[in-house]
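This report refers to the structure that appears directly beneath it.
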Amino acid sequence: MPQYNRRQMATIREIERQIGNSEGLRVRIERASAGRRGAIPDYEGQYQRKARNSFSVTQWRDVRFAKLYPGLAVSVLDGNGKIVSGRTKLAKLRADGD
């Protein structure tokens, strides 16, 4: 699991923006349960590089997002704001976003 500095905390909206800046993906994050509210760790600085273009949305979600944010659910969106399939490759989303 990536290490994070507990002093670097952000809101859900800030995490969505950070993922957009770091990964080139549009996402919508929601709390999966009615658990504790409050700030969550920053996404920026967790990884030195973007996830590989060959990753599917499901792979990115499982390998990167879920490890950092248990208890949160993420949907990845296309350029029109529609939720994409888990099989969609990140390369396609990044190309569509340019």
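The values are calculated or read from the model by the stated rules, or taken from the named source; none is laboratory data. Quantities reported herein were computed from a predicted structural model and do not represent experimental measurements. Methodologically, a virtual Cβ is constructed for each residue, glycine included, from the backbone with ideal geometry; neighbour enumeration extends over all protein chains shown.
Mind listing whichever residues of the range 53-98 are loosely packed, with under 15 Cβ neighbours inside 10 Å, in contact with a helix residue (DSSP H, G or I) (Cβ under 7 Å, 6 or more places away or on another chain) and under 12 Å from GLU23 (Cα atoms)?
Within the range 53-98, just ASN53 meets the criteria.
How many of the residues making up the range 66-88 are out of contact with any strand residue (DSSP E or B) (no Cβ under 7 Å at 6 or more places or on another chain), of a type outside the set (S, T, N, Q) and more than 15 Å from GLU30 (Cα to Cα)?
Residues in the range 66-88 being out of contact with any strand residue (DSSP E or B) (no Cβ under 7 Å at 6 or more places or on another chain), of a type outside the set (S, T, N, Q) and more than 15 Å from GLU30 (Cα to Cα): 5 in total.
Take GLN46 and tell me if it is at pLDDT 95 or above, surrounded by 15 or more Cβ atoms within 10 Å (Cβ to Cβ) and more than 19 Å from ARG87 (Cβ to Cβ).
Criteria not met by GLN46.
How many residues are closer than 21 Å to ASP62 by Cβ, at pLDDT below 70 and not hydrophobic (A, V, I, L, M, F, W, C) when one looks only at the range 1-32?
3
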